Amino acid sequence: MARFIPAQLQTWTDGLLLQTPEAQQHSERFYRGISTDTRTLRSGEAFLALIGENFDGHKFVDQAIAKGCKMLILNEKSEQAMQLYYDLLHGKEIPDLLLVQDTLKAYQKIAEGYRLTLLAPVIGITGSVGKTTTRRMVGAILNTQMKLHQTSNNENNQIGLPLTLLEADDEDEVILAEMGMDRRGEIKILSEVAHPDIAIITSVGYSHSEYLGSRKNILEEKTDIISGMKSNGIVLINGQDTHLNAWATSFKGTTTVWRICNEYEEIGSDFENFPVFWAENLKIETGGTSFIAKTTLDPEVAWPVKIKAPGKYLIRAALFGLASAYALGLDMDLAVEGCLKFTNTGNRQRIVQKDGLILIDDSYNSSPESNTAALDTLSMIAGPRRKIACISAMRELGKYAEDLHTNIGYRIADLGIDILYLVGEESKWIEAGVRQINPALKIKTFPDSASIAEDIIDIIEPGDCILVKGSRSFAMEKISQKIEVQEFKF
């Protein structure tokens, strides 16, 4: 766990350090860590008071002092800072004070300063979809040979990323830092805090179009991950993404771009100068996914890969992990074994088999790209089985919403889905897309997921393959939960 001395924090934040005369005499004085939450604050730590839309950490200064914090990092204009400064001038015993202009920026500067003291390489992961799955897969692969520290839960924003870095220690050999955003400029901030040695860009999709306006803006935002990269770093990009490919061909910088392609056909003659990792002999079944991994960096070698979960989207995640292992000089045979240790989190294409049914629970979140991937998984796993899809509307798509929902409708019709359940106002465009290609497809629209859950139980037949896919705001997990607890008597 990190330890900090007063002068270190003052230098990184460019803040004003104030101490009692007694504290100034202790040259070996240190703090056991940085906390932003008095509920988990440990005695001996520094407490940094963040300010958000619905909270102000300065209101918890008294609790921080009562729990034994050794330093308070406060906004220089806050009432609490003024009162403590007054107390200090009048000889009252108080923790060390570090007064800064902006506590969030100070938090990020502390995390950046600490990161630069660490020897462990940082792998930054961003993209419109697939960040968490990719991080977990890369982690499973690297953890076969390296002591790993990585983002926990969804700590991937301007507060979560610094927390990830500050929780690392000297013994960690690699750090995986997930980087999310919903406003322009955030990835640049995160990159300049984490200074990645390797950057992974999973995709440039339409998520957050409502805020960023266009895919061009989203591309610029995602590729800003290189802004804080160390010189001679490596950027791993989705080689099937046309926007990233166009960016790669025009990119000029000290970092090297490697392309990750699901299949050899995706490589293309225009990219012969880019190192490539790709997959051959793809096989996806309910029991898992398998393929042969290859790279132009070592053409004579092939690595057989097995993953205990089904899904075409997992192939690229595994290739990102194997490319990272290769870049770090690891034993690739051991790295491949890490794919078998991968487990997904949350309701991300979770497979449940019961009473002769197959349920694909992908109710964690939704986007055009993840919807397409989920539908493809349904098609591949179902085979000749009857296919039922429960799909919610998608959010934050801005001006692209109608076209993107319509495209999902086209995909559903092309894949031969037998019964389609829809929920959400925007799902009317999915239905319109389906009707253009397959007017006879049975579509049932409901106002909420609970209503779908009640209805679907009555129409399920032996052997059905059912996909539940949707945004968390629609609580699509209620459908999966209903199916799982139901005792079917076929």
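Where a number appears in this text, it was derived from the coordinates with a stated rule and is not lab data. Small disclaimer: the values here were computed from a predicted structure and weren't measured. Glycine gets a Cβ as well: all are built from the backbone with ideal geometry, and neighbour counts include every protein chain shown.
Remark: the chain carries a charge dipole of roughly 400 debye about the Cα centre, counting +1 on each Lys and Arg Cβ and -1 on each Asp and Glu Cβ.
With a cut-off of at most 12 other beta carbons within 10 Å, and DSSP calling the residue loop, which GluC sites (Glu not before Pro) in segment 372-428 qualify? Please list them.
Answer in residue order: 425.
Computed over segment 98-188, the Cα gyration tensor eigenvalues convert (square root of 5λ each) into semi-axes of 23, 18, 9 Å, ordered from largest to smallest.
Footprinting exposure proxy ranking of 405, 149, 58, 90, fewest other C-beta atoms within 10 angstrom first, gives 90, 58, 149, 405.
How large is the Rg to Rh ratio of segment 1-63 when both quantities use alpha carbon positions and Rh follows Kirkwood?
0.98
For segment 6-108, taking the reciprocal of the average inverse distance between every pair of different Cα atoms yields a Kirkwood hydrodynamic radius of 13.5 Å.
Solvent-free Debye calculation, one equal scatterer per alpha-carbon of segment 118-341: log10 I(q)/I(0) at 0.07, 0.11, 0.12 Å⁻¹ equals -0.19, -0.49, -0.59. Computed over segment 334-490, the alpha-carbon pair-distance distribution with 5 angstrom bins reads 2, 9, 20, 23, 21, 13, 7, 4, 2, 1, 0, each value a whole percent.
Averaging the sequence gap over all C-alpha pairs within less than 8 Å and six or more residues apart, then dividing by the number of residues, gives segment 39-184 a relative contact order of 20 percent. For the set 444/478; 222/312; 105/252, the pairs lying more than 21 angstrom apart at their alpha carbons are 222/312; 105/252. Of all DSSP beta bridges in segment 151-306, what percent run antiparallel (nearest 5)? The antiparallel proportion sits near 50 percent. Taking 15 Å as the cut-off, the amide N atoms of segment 46-71 that come nearer than this to a point 7 Å along the Cα-to-beta-carbon line of residue 32 belong to 46-47, 64-71. Counting only DSSP beta bridges whose two residues both lie in segment 40-182, roughly 5 percent are antiparallel. A helix-only calculation puts the chain at -10000 deg cm²/dmol for mean residue ellipticity at 222 nm, using -39500 (n - 2.57) for each DSSP H run of at least four residues, averaged over all residues.
Note on segment 350-485: with charges restricted to the Cβ of Lys and Arg (+1) and Asp and Glu (-1), its dipole about the Cα centre is near 120 debye. Cα extents for segment 401-484 along the principal axes, largest to smallest and rounded to whole angstrom: 33, 29, 15.
When segment 6-108 is described by a simple charge dipole with +1 on each Lys and Arg Cβ and -1 on each Asp and Glu Cβ, the residue from 50, 65, 40 located farthest towards its positive end is 40.
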